[in-house]
1. Looking only at residues in segment 78-114 that are surrounded by fewer than 24 Cβ atoms within 10 Å (Cβ to Cβ), closer than 15 Å to Trp235 by Cα and small (Gly, Ala, Ser), which one is nearest to the chain's Cα centre (by Cα)?
2. Got a sec? Which of Ala75, Ala117 is more than 12 Å from the ligand (Cβ to nearest atom), surrounded by 20 or more Cβ atoms within 10 Å (Cβ to Cβ), of a type in the set (Gly, Ala, Ser) and in a helix (DSSP H, G or I)?
3. Go through segment 131-141 residue by residue and tally those that are in contact with a Ser or Thr (Cβ under 6 Å, 6 or more places away or on another chain) and in contact (Cβ under 8 Å) with a residue 60 or more places away in the chain.
4. Please work out which residue is nearest to the ligand (Cβ to nearest atom), limiting yourself to segment 120-141 and to residues that are assigned to a loop (DSSP other than H, G, I, E, B) and surrounded by fewer than 17 Cβ atoms within 10 Å (Cβ to Cβ).
5. List, please: which pairs have Cβ atoms under 6 Å, are six or more places apart or on different chains, and start with a residue in segment 78-100 that is more than 15 Å from Tyr62 (Cα to Cα) and of a type outside the set (Lys, Arg) and end with one that is in a strand (DSSP E or B) and more than 8 Å from the ligand (Cβ to nearest atom)?
6. Working only within segment 202-227, note down all residues that are hydrophobic (A, V, I, L, M, F, W, C) and under 20 Å from Thr259 (Cα atoms).
7. Just the residues that are free of Cβ contacts under 8 Å to residues at least 12 places away in the same chain and assigned to a loop (DSSP other than H, G, I, E, B), please, taken from segment 339-361.
Amino acid sequence: MAKEKFDLEGMQTKAVYAAKELNRTTAISPPIWQTTTFGAETAEEFAEIAVATKPQEFYTRYGNPNHAMVEQTLAELEGGELALVFGSGMGAIFSAIASQLNSGDHVIAQRNHYAGATTLLKDILPRWGIEVSFVDQTNNAEFAAAVQPNTKLIYVETPVNPLMQLTDLRFIVELAKAHNLTTICDNTFATPINQRPLELGIDAVIHSATKYIGGHHDVTAGTMVGNKDLLERVWRFALVAGAALSPFDAWLLLRGLRTLGLRVERHNQNALALAKFFETHQKVARVYYPGLESHPQFELANSQMTGFTGMLSVELRGGYSAADKLMSSLKLGVRAASLGGFETLVVHPASMWSLQLSAEQRAATGINDGLVRISVGLEDETDLLRDFDQALA
Ligand SMILES: Cc1ncc(COP(=O)(O)O)c(C=O)c1O
C-alpha cells in the first residue's frame with residue numbers, strides 16, 4: 001500500500017528515506033543492479049535513451065539505479081538539485097574542475113589542498129594553458145586580490161587536509177557573485193552533517209566518498225552535488241573521463257549513508273575529547289582542530305559548521321622520531337592512508353606526500369616532520385584516550 005508523502009526534515013531521517021521511492025521492490029535493503037547494460041524494447045526507445053541526460057537504465061557508465069539512490073540521498077543531505085557519483089574522490093575532483101575550464105582560463109585555489117588536487121592544479125592544468133593562483137585560505141584579501149579578468153573558478157577545501165584550516169565560505173560566495181565565478185568546495189572532512197556549503201551559496205560540493213560517506217574503509221568513491229545545469233555539464237565530461245562507480249560500490253555507499261548522522265556525531269565527540277587531551281599534553285606542541293577555542297578560526301568554525309569532524313592533527317615536540325614512535329606505539333590506531341571510517345587511522349603527512357610535495361612546499365604549507373594526522377574512529381572515547389596516553393608515554 002502506498003504511503004502518504006512525509007516531509008523529510010532531520011538528517012538521519014533523510015539518510016534513511018530519501019531514496020526509498022527509487023527502490024521499486026519490497027526488499028528493505030535494495031537490490032544491486034549488477035549490470036553494465038540495460039535492454040530496450042524498441043528502436044525508438046533505444047534511440048531516446050541513448051541521447052538522454054543521465055539515464056538510469058542505458059549503460060552503467062552513464063548511470064545505474066544504484067547510482068541514482070546514492071545521488072538522491074546525497075542531494076537531499078547537501079541541499080542540492082542534482083548529485084553525481086564517481087569511481088573515486090579524485091574522479092570527482094578531476095571531472096568537476098576540468099569540465100569548467102578552457103585554455104586561457106584562470107583558477108583561484110588554496111595553497112593547501114588534498115595532495116592529489118594540488119597535483120592537478122599545479123602540474124596538470126598549466127600544461128593545458130590554464131593558469132592557477134594559490135592563496136592562503138585563511139586570508140580573504142588574498143582571494144580578492146587574485147581575481148583576474150579571465151578567472152572562471154574558485155576551488156576551496158574546508159577544513160583542509162591535514163592542517164584543519166578553514167575557508168570563509170560566505171566571503172567566497174560574495175566574491176564569486178561579484179565577479180560571476182563558479183565555486184566548488186571539497187566538503188570531505190566536514191560531511192553534510194557538519195557543514196552544508198550549498199546552503200551558504202557555493203555552487204557545488206565534492207566529496208571523497210571513500211571517507212565518511214562510505215564510512216567503513218571498504219569502498220573507493222567520489223560524489224558531487226550542486227545545481228542541475230552545472231552538474232549536467234560535469235556529467236557529460238565525466239562520461240569521457242570514465243571514473244564510473246560500480247553498482248556494488250554504489251550499494252555500499254548507500255549502506256554507509258544510512259548511518260552517516262550517527263557515525264559523524266560519534267566521530268565529532270571522540271575527536272573533541274582527544275583534541276582537549278592533546279592540548280594539555282607536554283609532548284604536544286600544537287593541536288589543529290577547529291572545535292578548540294585555541295583554533296585561530298574558532299569563530300568562523302562556529303559560524304559555518306555545526307560540528308567539527310573526526311579529523312585532527314597534532315604537532316609533536318620531538319619531530320619525526322616522536323611522531324614515528326607515537327604511531328608505532330598505538331594499540332588501537334593503525335598507520336594507514338585514508339580517513340573517515342570506523343577504525344582510528346594515523347598518518348605522517350610529511351612522509352605520505354613526499355612525492356607530491358617537495359620539502360620546501362611542505363615547509364611553506366606547515367606540514368612539519370612532527371605532524372601526525374589522526375582520523376578518529378568510532379571506538380569508545382575512554383579507550384582512545386587510554387591508548388593515546390600510553391603511546392605518548
Ligand atoms: C579531502 C580529500 N579530498 C579528496 C580526496 C581524494 O579522494 P579518493 O582517494 O577517493 O580519490 C582525498 C583523499 O584522501 C581527501 O582527503
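Any read-out appearing in this document is the output of simple, stated calculations on the displayed coordinates, not a laboratory observation. This is a predicted model, so every value here is computed, not measured. Every residue, glycine as well, gets a Cβ built from its backbone with ideal geometry; the counts of neighbours run over all protein chains shown.
1. So, considering only residues that are surrounded by fewer than 24 Cβ atoms within 10 Å (Cβ to Cβ), closer than 15 Å to Trp235 by Cα and small (Gly, Ala, Ser), the one nearest to the chain's Cα centre (by Cα) is Ser88.
2. Within the list Ala75, Ala117, the selection yields Ala75.
3. 0
4. As a first pass, look at segment 120-141 and keep what is assigned to a loop (DSSP other than H, G, I, E, B): 129-130, 136-139.
With the extra rule that they be surrounded by fewer than 17 Cβ atoms within 10 Å (Cβ to Cβ), the set shrinks to 129, 136, 139.
Values: Gly129: 25, Asp136: 18, Asn139: 20 Å.
That would be Asp136.
5. Glu78/Val205; Glu78/Val225; Gly80/Val225; Gly80/Gly226; Ala96/Ile184; Ala96/Met224; Gln100/Leu153; Gln100/Thr182
6. Ile206, Ala209, Ile213, Val219, Ala221, Met224, Val225
7. Ser354, Leu355, Ser358
To keep it simple, each residue is scored yes or no on (1) crowded, with 18+ Cβ neighbours inside 10 Å; (2) touching a Lys or Arg at 6+ places or on another chain (Cβ under 8 Å).
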{"position": "His281", "(1), (2)": "no, no"}
{"position": "Glu299", "(1), (2)": "no, no"}
{"position": "Ser328", "(1), (2)": "no, yes"}
{"position": "Val334", "(1), (2)": "no, no"}
{"position": "Ser338", "(1), (2)": "no, yes"}
{"position": "Ala363", "(1), (2)": "no, no"}
{"position": "Gly370", "(1), (2)": "yes, yes"}
